[in-house]
């Protein structure tokens, strides 16, 4: 089985961290390929960043389809381009926000999200609502650490997780940034509750879906896009 983990930003150092975390939980028989798109923002911290990251994500999905990839993980908590990717991919595509939220509801009734910048709080709530977890999500809290500085932020993230548990009364923590993935084990041990990182959760979900022979339904909404002309910078995204 080959699972392609797509870091939608262009920071290769972050991609290396994401790939390392993904491989820690992947089965021995699973080949994890962690990649960044050739185009896009260095980090994703706004709606503008996210919109401009989507073409690069879709280009990586298209390349994976040519390379016989079994399934995909979109490794940004905004799940950018998730539904469009499902229209292109022959195997399952899982976003790390949806994976983390689904997993959290399997190990407790409620969860709190701890994310990066305060400007992303509204988007995290939007995702919780769209995935059906508005009631389960007790709160979204921001540590106000930029994505590319997250690697050195364990003390700040730990303190915020502890505060979130106390204020929300939640059963678990969902890490709302791919850059927090290396903290999962240490946070769970120090806080005494399940701490869910979407990268590792998504990898195991993709493996399970592939093993079960399940893929996105193409019956209607997620059928392949209708071919049509694309112009300008998007001309090479035109489908045959």
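Bear in mind that the values in this text are calculations on the coordinates, not laboratory data. Because the structure is a prediction, the values reported are computed rather than measured. Neighbour counts are summed over all protein chains in view; Cβ atoms, including those assigned to glycine, are modelled from backbone coordinates with ideal geometry.
Taking 61, 173, 69 in turn, the Gaussian network model of the chain (Cα-Cα springs below 10 Å) assigns the largest fluctuation to 69.
Output the 0 to 90 degree angle, nearest 10, between the alpha-carbon long axis of helix 47-66 and the longest principal axis computed from the alpha carbons of the chain. Roughly 50 degrees between the two axes. Axis of helix 121-130 versus longest Cα principal axis of the chain: the two differ by about 70°, to the nearest ten degrees.
In percent, rounded to a whole number, the relative contact order of segment 1-115 is 26, using alpha-carbon pairs under 8 Å and six or more apart.
Helix 154-168 against the longest principal axis of the chain: what's the angle in degrees, Cα atoms only, rounded to the nearest 10? Compared with the principal axis, the helix lies near 70 degrees. Note on the chain: with a GNM built from Cα contacts shorter than 10 Å, the maximum mean-square fluctuation among 133, 222, 111 falls on 222. Once both labels are positioned 7 Å from their Cα atoms along Cα-to-Cβ, the gap between residue 144 and residue 65 label points is 4.4 nm. Result for the chain in a Gaussian network model with C-alpha springs under 10 Å: among 219, 189, 129, the largest mean-square fluctuation is at 219. For segment 97-197, the relative contact order works out to 35 percent when only alpha carbon pairs closer than 8 Å and six or more residues apart are counted. Counting every alpha-carbon pair across segment 45-148, the share separated by more than 16 Å comes to 59%. The chain has equivalent-ellipsoid semi-axes of 29, 19, 17 Å, by the square roots of 5 times the alpha carbon gyration tensor eigenvalues, sorted largest first. Relative to its Kirkwood radius, the Cα radius of gyration of segment 97-197 gives an Rg/Rh of 0.92. Residues 4, 204, arranged from fewest to most other Cβ atoms within 10 angstrom of their Cβ, appear as 204, 4.
Using C-alpha pairs below 8 Å separated by at least 6 residues, the relative contact order for the chain is 22 percent. Sorted fewest first by neighbouring Cβ atoms within 10 angstrom, 127, 154 come out as 154, 127.
For 188, 43, 116, 152, the sequence from fewest to most other C-beta atoms within 10 Å is 152, 188, 43, 116. Annotation: extensible slack from residue 238 through residue 13 equals 77.9 nm (criterion: 0.36 nm per residue apart, minus Cα-Cα distance).
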